[in-house]
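Computed from the coordinates by the stated procedures, all read-outs in this text should not be read as laboratory data. The structure displayed is predicted, hence computed values, not measured ones. Note: ideal-geometry Cβ built from the backbone for every residue, glycine included; neighbour counts use all protein chains shown.
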């Protein structure tokens with residue numbers, strides 16, 4: 001049977017929970033072919049909700065476009081799907097139902113609008129001078145990576161636990177999902193126009209309980225530092241860069257809770273489409289090796305996840321029945337009563353058995369980003385932030401081994417290299433623009449209307465600008 005999520009049993013052995021949240025990739029897009037060669041069954045005999053290879057979506061003429069494999073030999077493999085798919089609430093509705101407006105509550109998504117929505121997005125981005133891979137077509141949205149193309153992620157997924165029914169917390173873009181991941185609410189906000197929140201976060205809860213935490217940007221001040229009042233006001237000792245994270249891991253001084261950010265630039269390692277996926281493979285590798293080689297490894301649980309699907313194809317309809325976080329009125333009439341699309345999530349620890357497929361029993365509240373909050377709360381006996389994390393399942397019982405493993409699942413794995421700066425080099429990414437704006441706004445002594453550092457006239461790749469199709 002597939003390992004099922006539940007209470008916090010097993011967490012007593014864990015002293016460090018480390019979360020790396022990357023950008024805008026769906027489960028099928030990154031891991032759908034993980035166990036395809038074994039009939040979507042893991043070596044331990046657990047069923048895996050992957051791709052059969054028969055999935056398809058219609059194009060604008062009604063012709064089916066089949067899912068296909070992205071291999072290391074696929075042209076532009078590490079910049080697929082070639083352009084940045086639609087990622088907001090209305091774009092997600094288009095992908096799930098073929099309409100910008102969601103249907104009545106409980107209506108299952110057809111998952112048949114991905115190709116048509118991507119065709120609209122490609123045309124809009126071309127007209128607005130976004131850079132895309134030459135020759136990009138709407139059919140590219142159906143491309144999904146093979147394990148050979150993502151050897152680091154795939155080796156970790158097979159070597160530890162892969163969550164094949166983990167959903168983003170809301171069917172929309174980055175900032176609301178990151179807010180839900182750290183505060184169990186986005187206060188009703190459903191797009192990236194709102195960049196900061198006024199609610200408590202897990203960081204304030206940890207501080208009040210005397211539990212240590214740190215947030216690390218990759219090569220610049222983390223975007224998260226400006227998100228919530230209880231982190232904006234925190235001491236500088238709570239923040240650092242990836243080099244500081246590696247030093248802390250090596251010294252055995254990591255806190256109880258660590259949150260890692262990638263580099264947000266268009267040539268960075270966030271894996272946001274259409275940026276370099278290979279650089280993200282390197283970041284995942286470096287994070288794992290830093291943890292594994294440190295003295296705290298045997299007491300560490302590493303969570304690798306993605307904030308949202310970013311418009312990339314997935315075949316599993318997201319469930320309804322999400323617990324409404326609070327009484328905040330949802331923008332665009334969204335009731336926060338359904339989850340977003342499946343995203344790749346791995347649970348990594350020497351106390352996890354290899355080949356684990358981890359999910360909740362059918363018909364129960366699924367795993368989503370607030371499950372991280374629930375697990376942290378279970379481990380350190382903290383109160384929930386909202387009704388959403390109170391209702392979320394934890395994943396402490398993924399810890400099943402009494403003796404830590406000593407093997408290295410990345411032994412012999414070569415990190416892929418794209419060999420290119422990518423099509424968007426020279427343009428300012430949407431999230432880097434937000435990070436710069438918030439740094440300018442929240443630096444001590446800065447004016448409230450302080451401007452970001454990029455040059456006037458710079459093209460900013462901002463999905464908020466895209467009108468509904």
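Note on residue 243/residue 69: beta-carbon distance plugged into 1/(1 + (r/R0)^6) with R0 of 25 Å gives a FRET efficiency of 0.10.
Tell me, what is a quarter of the convex hull surface for the C-alpha atoms of region 321-394, in nm² with one decimal? Average projection, Cα convex hull of region 321-394: 6.3 nm². Taking other C-beta atoms within 10 Å as the exposure proxy, 214, 178, 405 rank 405, 214, 178 from fewest upward. A helix-only calculation puts the chain at -7000 deg cm²/dmol for mean residue ellipticity at 222 nm, using -39500 (n - 2.57) for each DSSP H run of at least four residues, averaged over all residues. Extension gain, residue 198 to residue 15, is 62.9 nm, computed as 0.36 nm per intervening residue step minus the present C-alpha separation. Taking a ≥ b ≥ c as the square roots of the eigenvalues of the Cα gyration tensor of region 267-384, is the shape rounded (a/c under 1.5), prolate (a/b larger than b/c) or oblate? Judged from the Cα gyration tensor, region 267-384 comes out oblate (a/c at least 1.5, b/c at or above a/b). When both bridge partners sit in the chain, DSSP labels roughly 30% of those beta bridges antiparallel. Where the alpha-carbon atoms of region 58-141 are placed on the principal axes, they occupy 42, 29, 23 Å, in descending order. If you wrap the tightest convex hull around every Cα atom of region 117-214 and split its volume per residue, you get 192 Å³. Built from the Cα atoms of region 1-153, the convex hull projects on average onto 12.5 nm², one quarter of its surface area. Per residue, the convex hull spanned by the Cα atoms of region 162-307 amounts to 127 cubic angstrom. As a proxy for reagent exposure, ranking 357, 343, 417 by other Cβ atoms within 10 Å from fewest up yields 417, 357, 343. Give the Debye-formula value of log10 I(q)/I(0) at each listed q (0.13, 0.24, 0.25 Å⁻¹), with one equal scatterer per alpha carbon of region 19-91, two decimals each. For region 19-91, the Cα-only Debye profile gives -0.54, -1.29, -1.30.
Shape analysis of region 110-151 yields a ratio of the Cα radius of gyration to the Kirkwood radius, Rg/Rh, of 1.07. With bins 20 Å wide beginning at 0, the percent of Cα pairs of the chain falling in each bin runs 26, 62, 11. The gain in end-to-end length when the residue 324 to residue 112 segment is fully stretched comes to 73.6 nm, 0.36 nm per residue minus the alpha carbon separation. Extension gain, residue 232-residue 250: 0.36 nm per intervening residue step, less the Cα-Cα distance, totals 3.8 nm. Running Debye on region 227-301 with equal point scatterers at the Cα sites and no solvent, what base-10 log of I(q)/I(0) appears at q = 0.11, 0.12, 0.17, 0.23 Å⁻¹? Those come out to -0.34, -0.40, -0.77, -1.08, one per q. Going from the residue with the fewest nearby Cβ atoms within 10 Å to the one with the most, 156, 175, 410 rank 410, 156, 175. As a rough guide to protection, the peptides 25-32, 188-195 ranked by mean Cβ packing within 10 Å, highest first, stand as 25-32, 188-195. Across the chain, the relative contact order, built from alpha-carbon pairs under 8 Å that are at least six residues apart, equals 27 percent.
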